[in-house]
Amino acid sequence: MNKKNQFNNLFLSDSINEESEFFPLLSDEDEQKIDKEKNPDILAILPLRNTVLFPGVIIPITITRDRSIKLIKEAEKEDKIIGVIAQKDSKIELPEVEDLNEIGTVAQILKVLKMPDGNITAVIQGRKRFEIEEIIEEDPYYKAKIKDYIELKPYSDKEFDAIVESIKDMALRIIAESPNIPNEASIAIKNIKSPSFVINFVSSNMSISMINKQALLEEVDLKKRAIRVLELLTKELQMLEMKNEIQSKVKTDLDQQQREYFLHQQMKAIQEELGGAGSGKEIEEMKAQALKKKWSSSVKESFEKELKKLQRMNPSMSDYSVQRSYLELILDLPWDEYTNDNFNLKKANKILNRDHFGLEEVKKRIIEHLAVLKLKGNMKSPIICLYGPPGVGKTSLGRSIAEALGRKYQRVSLGGLRDEAEIRGHRKTYIGAMPGRIIKAIKKAESSNPVFVLDEIDKVTRDSHGDPSSALLEVLDPEQNEQFHDNYLELEYDLSKVLFVATANSLSSIQPALRDRMEIIEISGYTIEEKVKIAQKHLFPRQLEAHGLTKDKLTLTDTVLEKIVDQYTRESGVRGLEKMISKMIRYAAKSIAMDEGYKKDVDNNIVELVLGPPKYDRERFLDNTNPGVVTGLAWTSVGGDILFIESSISKGKGELSITGNIGKIMKESAILSLEFLKSNSERYGIDSSVFQNTNVHIHVPEGATPKDGPSAGITMFTSLVSIFTKRLVKAKIAMTGEITLRGKVLPVGGIKEKLLAAKRSGINEIILSSQNKKDVAVINEQYLENMTFHYVDSMHEVIDIALI
């Protein structure tokens with residue numbers, strides 16, 4: 001049942017139809033007559049869903065429930081007297097006895113109208129209050145035994161009369177203020193003479209909750225009820241005046257933004273009337289969270305200051321959400337919250353060995369750090385930079401370090417980063433400002449001592465927005481990072497307990513100041529034997545699981561894996577190897593899915609069937625049948641590699657041509673080699689006049705690849721001596737070293753990577769500068785098995801060793 005809760009319900013011509021009649025207001029005579037009426041002992045009970053009927057008040061109700069329709073029809077045939085009770089919960093469709101209030105109103109049915117949709121609209125008038133003693137029937141509708149509910153009326157009370165007049169005045173003011181109530185309602189108010197009917201009439205039409213209306217109906221003392229009605233009217237008038245005041249402020253030229261502000265103001269006013277819900281609740285939650293934080297007094301003061309600023313802000317302002325987000329960040333950061341380190345060194349070492357093969361230097365450094373922490377209890381974390389070619393496990397090592405230490409793990413990719421604000425954050429005055437990646441990662445880690453991997457630190461770039469690598473100077477300085485300043489946070493945060501692990505492929509692109517702050521640990525490439533072990537222990541099981549196969553579905557022996565490593569990959573790491581293994585597993589997966597036969601124990605023939613012909617032929621690097629062709633060693637950002645220097649001579653005017661996409665330094669090495677050969681031609685049995693009539697062409701194959709650096713100096717010189725003297729170069733020999741015009745051989749870098757490249761290619765003799773002997777001494781002996789080293793100081797020694 002629904003009721004239109006406005007004053008214009010008095011005039012029912014709009015809500016019924018053209019044949020409806022006008023029902024006059026209750027007069028004093030009518031009230032006296034009703035007071036003398038005796039309530040029946042038993043009444044049919046009509047539950048009302050969303051309204052309360054007061055004595056004397058006329059309301060229309062729409063009947064939709066079947067049992068209620070039956071009740072109205074039967075009552076209309078008899079005395080038209082029914083009992084009306086409000087439900088406790090308006091959402092209940094079919095109320096039980098316990099869902100009804102005990103106090104209700106005896107009502108008289110004035111008119112019943114059938115509506116086109118089959119429902120019934122009844123006009124009823126309240127008569128007297130009653131109280132249910134007992135429900136005696138529940139079907140087809142409720143019938144109850146009732147008793148009178150006596151009302152205490154004051155007599156000759158001037159204060160009561162003044163209250164009633166105040167109610168009238170307040171009601172008239174509300175009618176005047178509200179645009180939704182017709183002016184005719186004020187005429188009705190003025191014409192009501194009975195004090196009790198004024199109170200009931202206003203109570204029925206006030207915009208208050210069902211609970212308040214029911215409480216007014218149940219109030220026995222008419223004077224107390226009048227005072228309560230006056231209180232509720234006063235609040236309603238205040239709310240209406242506030243709403244009208246807000247509307248008048250924003251009345252002119254309302255654009256979309258002003259309209260939203262107006263709505264927020266209304267919402268705020270309503271919230272304040274309801275006890276400050278909404279933003280006030282958020283602030284209380286923040287205060288409760290702050291009590292649990294372990295922050296310092298300075299952070300606490302800053303938070304409380306910013307929280308007071310938020311309390312003074314209007315929730316509709318754009319700055320409010322910015323300020324709230326800022327405070328939420330402060331609350332979310334793990335101030336002085338640390339995870340406990342795992343001081344079981346054997347277990348930590350076991351975890352590192354489980355996840356990664358080799359990398360002994362890194363594992364040793366982590367165990368050393370744990371040992372010092374165990375003894376001292378507190379120590380600034382080291383800042384480690386793992387430097388080496390791609391695919392050797394630098395990034396994944398960070399996760400293993402975190403597990404070994406028992407710490408949280410976070411990774412930030414710095415590749416292509418070119419804005420300083422990505423590290424330090426934006427000032428919160430900017431639209432869309434946010435903290436830097438460091439603070440965001442700390443928040444995500446929920447700990448102030450995580451293992452923090454700064455991936456690809458050598459790929460950081462710079463532009464007009466600043467230099468991120470300069471911002472990293474503070475992050476990676478143990479003396480400064482205990483007071484790290486983020487522009488958004490504007491509070492000092494301690495990063496000294498964070499274990500930073502940076503990764504890089506090349507140190508040359510890292511600025512010197514930043515490189516100086518890090519402890520560089522070089523991770524070189526793997527030998528063929530190591531790659532086979534890594535494949536058996538890690539790559540093959542991982543790919544089997546990824547493809548949904550078990551070990552019994554496919555077998556790769558060490559011999560097969562060695563063939564894949566040797567003839568299908570040419571890399572320092574194992575990414576390419578993992579792709580090849582994945583391809584082999586897909587061969588088995590496809591055969592199983594299509595119910596085709598396949599060979600579970602893979603041999604070399606199956607490898608070539610699946611992967612195709614071998615991509616790399618080791619023997620091609622060992623060709624020494626032509627003079628002028630020499631094998632050199634080169635360092636690249638992806639590890640070591642071998643290269644060839646080819647020389648040829650032809651009749652001409654003594655010109656030198658150099659091709660192969662080589663850089664300026666490498667060209668200078670070629671010029672140096674030729675000039676030194678000219679000045680020492682007699683030593684090698686070459687007629688000096690031949691240089692004037694001969695053109696020399698030096699070429700470095702794989703012209704699409706840029707090449708530069710001084711380390712090919714002795715290789716170029718050997719190639720020139722070989723072509724002019726027609727002496728062949730020894731098989732399986734390679735060399736690297738810088739040359740001078742005086743014939744000295746100088747040391748070069750990247751020795752470990754170069755030696756691994758030579759070993760991969762089957763080269764077993766290496767010529768190096770004697771000053772590179774110290775670099776070879778620190779390399780693991782297993783990498784140097786079956787290799788012979790020749791350490792030289794002069795270019796003449798190189799020729800004596802290299803040429804047949």
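Can you tell me the order of 523-536, 298-311, 711-724, 101-114 when each peptide is scored by its average per-residue count of other Cβ atoms within 10 angstrom, highest first?
711-724, 523-536, 101-114, 298-311
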>> Positive end of the dipole of the stretch 660-803, charges at C-beta (+1 Lys, Arg; -1 Asp, Glu), about the Cα centre: which of 756, 798, 768 has its Cα farthest in that direction?
In response: 756
> What is the packing order of peptides 154-166, 180-192, taking the mean over residues of other C-beta atoms within 10 Å and listing the highest first?
Replying inline: 180-192, 154-166
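For a quick protection proxy, order the peptides 238-246, 566-574, 86-94, 494-502 by their average other-Cβ count within 10 Å, most packed first.
Those peptides, ordered most packed to least, come out 494-502, 566-574, 238-246, 86-94.
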> Tell me, what ³J(HN,Hα) does each residue in the stretch 490-504 have, in order and in whole Hz, if you take phi through Karplus 6.51 cos²θ - 1.76 cosθ + 1.60 with θ = phi - 60° and put x for Gly and Pro?
Replying inline: 6, 10, 6, 10, 8, 9, 5, 8, 6, 8, 7, 10, 8, 10, 8
> Excluding same-chain residues fewer than 8 positions from residue 73, which lysines have a Cα within less than 17 Å of its Cα?
Replying inline: 111, 114, 143
> Which label marks the calculated value of mean projected area of the Cα convex hull in nm², given the options [x] 34.5; [y] 58.0; [z] 63.8?
Replying inline: [y]
> Taking amide hydrogens as modeled 1.01 Å from N in the peptide plane, which residues meet the under 5 Å criterion relative to residue 142, leaving out close sequence neighbours?
Replying inline: 45
> How much of the accessible area of the chain, in percent, comes from carbon and sulfur atoms when a 1.4 Å probe is used?
Replying inline: 48
> Looking at 701, 713, 735, which one has the Cα that reaches farthest to the positive end of the dipole of the stretch 698-804 (charges on Cβ: Lys, Arg +1; Asp, Glu -1)?
Replying inline: 701
>> If R₀ is 45 angstrom, what is the calculated FRET efficiency for the pair residue 300 and residue 243, using the beta carbon separation as r and rounding to 0.05?
In response: 0.65
>> Can you work out the Karplus-derived ³J(HN,Hα) for every residue in the stretch 581-587? Use 6.51 cos²θ - 1.76 cosθ + 1.60 with θ = phi - 60°, whole Hz, and x for glycine or proline.
In response: 4, 4, 5, 5, 5, 5, 4
> Put +1 on the Cβ of each Lys and Arg and -1 on the Cβ of each Asp and Glu in the chain; which of 94, 286, 413 then has its Cα farthest toward the positive end of the dipole?
Replying inline: 413
>> 5 Å is the cut-off here: which amide hydrogens, built 1.01 Å from N in the peptide plane, fall below it relative to residue 602, excluding neighbours closer than 5 in sequence?
In response: 555, 557
>> Distance cut-off 20 Å, Cα to Cα: go down the list 563/752; 363/440; 168/235; 33/88; 38/168; 363/537 and report the pairs above it.
In response: 563/752; 363/440; 33/88; 38/168
>> If I take R0 = 51 Å and measure r between the Cβ atoms of residue 319 and residue 796 in this structure, what FRET efficiency does the formula 1/(1 + (r/R0)^6) give, to the nearest 0.05?
In response: 0.05
> Which value in nm describes the separation of the simple spin-label points at residue 668 and residue 494, placed 7 Å from the Cα toward the beta carbon?
Replying inline: 5.1
> To the nearest 20 debye, what charge dipole does the chain have about its Cα centre, counting +1 at the Cβ of each Lys and Arg and -1 at the Cβ of each Asp and Glu?
Replying inline: 2820
>> What do you get for the angle between helix 713-725 and the principal long axis of the chain? Use alpha-carbon atoms, 0 to 90 degrees, nearest ten.
In response: 40
> Rounded to the nearest 500, what is the chain's calculated 222 nm mean residue ellipticity when only DSSP H runs of at least 4 contribute -39500 (n - 2.57) each, over all residues?
Replying inline: -12500 deg cm²/dmol
>> Explain nothing, just the number: dipole magnitude of the stretch 639-776 about its Cα centre with +1 on each Lys and Arg Cβ and -1 on each Asp and Glu Cβ, in debye rounded to the nearest 20.
In response: 320
> With r defined as the distance between the Cβ atoms of residue 340 and residue 79 and R0 fixed at 56 Å, what FRET efficiency is calculated, to the nearest 0.05?
Replying inline: 0.10
>> Nothing charged except the Cβ atoms of Lys and Arg (+1) and of Asp and Glu (-1): what's the magnitude of the dipole of the stretch 708-804 about its Cα centre? Round to the nearest 20 debye.
In response: 200
> Alpha carbon centre of the stretch 650-721 versus the stretch 409-453: separation in Å?
Replying inline: 52
>> Going Cα to Cα from residue 651, which aspartates and glutamates come in below 20 Å? Please leave out same-chain ones fewer than 8 positions away.
In response: 675, 687
>> Take residue 528 and residue 33, extend 7 Å from each Cα along the Cα→Cβ direction, and tell me the distance between the two endpoints in nm.
In response: 11.9
> Straight-line reach from residue 653: which lysines have Cα under 30 Å away, leaving out those fewer than 8 places along the same chain?
Replying inline: 664, 667, 678, 707, 726, 744
>> Restricting to DSSP loop positions (anything but H, G, I, E, B) with no more than 13 other Cβ atoms inside 10 Å of their own Cβ, which GluC sites (Glu not before Pro) remain in the stretch 719-804?
In response: 785
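The values are calculated or read from the model by the stated rules, or taken from the named source; none is laboratory data. Quick caveat: nothing in here was measured; it's all calculated off a predicted structure. A quick note on method: Cβ atoms are made from the backbone with ideal geometry, for glycine too, and the neighbour counts reach across all protein chains shown. Please note that ligands, DNA and RNA were not included when accessible areas were found on the heavy atoms of the full protein model with its side chains. Shrake-Rupley method; radii C 1.70, N 1.55, O 1.52, S 1.80 Å.
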